[in-house]
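Below is one structure, written out as structure tokens; comments come after it.
Readers should treat all values here as calculations from the given coordinates under stated rules, not as data from a laboratory. The shown structure was predicted, so the numbers you read here are calculated from the model rather than taken from an experiment. Cβ sites come from the backbone with ideal geometry, for glycine too, and all protein chains shown count toward neighbours.
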Amino acid sequence: MLLQVLGTAAGGGLPQWNCACPGCAGARAHPHRRRRHASLALRADEDRWYLVNATPDIGDQIEDSPALRPGPGPRDTPVAGVILTDAELDHTLGIARLREADGFDVLATRPVRRALTGLMRLDDILTPYTRLDWRELGDGPVPLTKSGGIEIDAVPVSPKRPRYAVTPDGADDDHTWVVALRLRESATGRSLVYAPALARWSDTFQDAVEAADCVIVDGTFWDDDEPVRTGISARTATGMGHLPIAGPGGTARRLSGLRARCLYTHLNNTNPLGDPDAPQHALLGEWGLEVAADRMVIEL
Ligand code: MLT
Ligand code: MN
Ligand code: ZN
């Protein structure tokens, strides 16, 4: 299985356009610290790639990845579609940027599709430009393409809705608003779990990561208090739907016990890991964990 990391930042990116926090200022001063919005590209077949989430940076992310560039025909593209983990804006705004395509697949769970077609009116707005071929996730493993080379499955994570989809009558308990993706290569049996928004560590999620060869997971915040301490929110990391990395309820403790290669992604600009010289990197190293980097290629 071949993957290319297209970006590793949380919503806003690093630097965020309207932010002068130390993390964003550091990324402006040191261009190697810049991170685009979190996304992956996955090769499903020879010359047929799927993007995992469609970020505001999607155009640059495609252009920067030789495998994703168009050709040989003037409008041939290896980008076959988009797989969504949730309906958050940082993971979906890029869909409209693909409107020059004849058509492309969008794989999403039922509530995510409903948010995008109903509230965001993506179908109505994009129909005059392109064709969205919706495919539903959430009812068990399905082949990603006809070849059956890669099988995809959604592991429910949480009922957290994007802010634009929150209703006054409160939440439903549909845990497929946010999912982790399990991607498995049939020929080798090797698998990846991708979970850029992890609100809760469930037994099903534990089963998925125990069986995986590689896990790329929510590294939005280093510790639970970070959003409050840095003044970006009144809520803790967990309260915002992101389990922190460190601390008693953190993901590092659980990931360090796995046989899989584990990498963090979706780093917020307040996360000290955005600074390559931060002492937190040594701790991660001791735990056998990594931070994913933009443009990293992962072969499983
Ligand atoms: C999140 O990851 O929690 C969301 O993307 C936050 C947001 O952009 O509102
Ligand atoms: Mn996000
Ligand atoms: Zn910032």
> Hey, among the residues in segment 72-94 that are under 14 Å from the mean Cα position of the chain (by Cα) and aliphatic (A, V, I, L, M), which one's farthest from Val179 (Cα to Cα)?
Replying inline: Leu93
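Yes/no matrix, rows are residues, columns are (1) farther than 29 Å from Pro143 by Cβ; (2) away from ligand 1 (no atom under 16 Å from the Cβ):
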| residue | (1), (2) |
| --- | --- |
| Arg35 | yes, no |
| Asp60 | yes, yes |
| Arg69 | no, yes |
| Asp76 | no, yes |
| Ile83 | no, yes |
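Looking at Thr85, is it touching a Pro at 6+ places or on another chain (Cβ under 7 Å), of a type in the set (S, T, N, Q) and either away from ligand 3 (no atom under 16 Å from the Cβ) or not in a strand (DSSP E or B) (or both)?
So Thr85 fits the description; yes.
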>> Quick check on segment 229-241: of everything there that is within 21 Å of the chain's Cα centre (by Cα) and free of Cβ contacts under 8 Å to residues at least 60 places away in the same chain, which residue is surrounded by the most Cβ atoms within 10 Å (Cβ to Cβ)?
In response: Ala237
>> Residue under question is Thr220, and the condition is that it be among the hydroxyl-bearing types (Ser, Thr, Tyr), under 22 Å from Pro22 (Cα atoms) and surrounded by 18 or more Cβ atoms within 10 Å (Cβ to Cβ); does it hold?
In response: yes
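Being within 16 Å of ligand 1 (Cβ to nearest atom) and among the polar types (S, T, N, Q) is the filter here; which residues of segment 123-167 pass it?
Answer for segment 123-167, where residues must be within 16 Å of ligand 1 (Cβ to nearest atom) and among the polar types (S, T, N, Q): just Ser158.
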> When segment 1-14 is examined, which residues are found to be within 11 Å of ligand 3 (Cβ to nearest atom), crowded, with 23+ Cβ neighbours inside 10 Å and either in a loop (DSSP other than H, G, I, E, B) or of a type in the set (Lys, Arg) (or both)?
Replying inline: Ala10, Gly13
> Can you spot a residue in segment 47-68 that is in contact with a Cys (Cβ under 8 Å, 6 or more places away or on another chain) and within 16 Å of ligand 2 (Cβ to nearest atom)?
Replying inline: no
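Name every residue in segment 15-74 that is of a type outside the set (A, V, I, L, M), assigned to a helix (DSSP H, G or I) and surrounded by fewer than 21 Cβ atoms within 10 Å (Cβ to Cβ), in order of residue number.
Across segment 15-74, the qualifying residues are Pro22, Gly26, Arg28, Pro31, His32, Arg33, Gly59, Asp60, Glu63, Pro66.
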> Mind checking whether some residue in segment 161-178 is in contact with a Phe, Trp or Tyr (Cβ under 7 Å, 6 or more places away or on another chain), touching a residue at least 24 places away in the same chain (Cβ under 8 Å) and more than 18 Å from Thr265 (Cα to Cα)?
Replying inline: yes
>> For Pro276, only one of the following conditions fails: (1) assigned to a loop (DSSP other than H, G, I, E, B); (2) within 20 Å of Thr85 (Cβ to Cβ). What is its number?
In response: (2)
> Checking Leu192 against (1) more than 19 Å from Val209 (Cα to Cα); (2) away from ligand 1 (no atom under 16 Å from the Cβ); (3) surrounded by 18 or more Cβ atoms within 10 Å (Cβ to Cβ), which test does it fail?
Replying inline: (1)
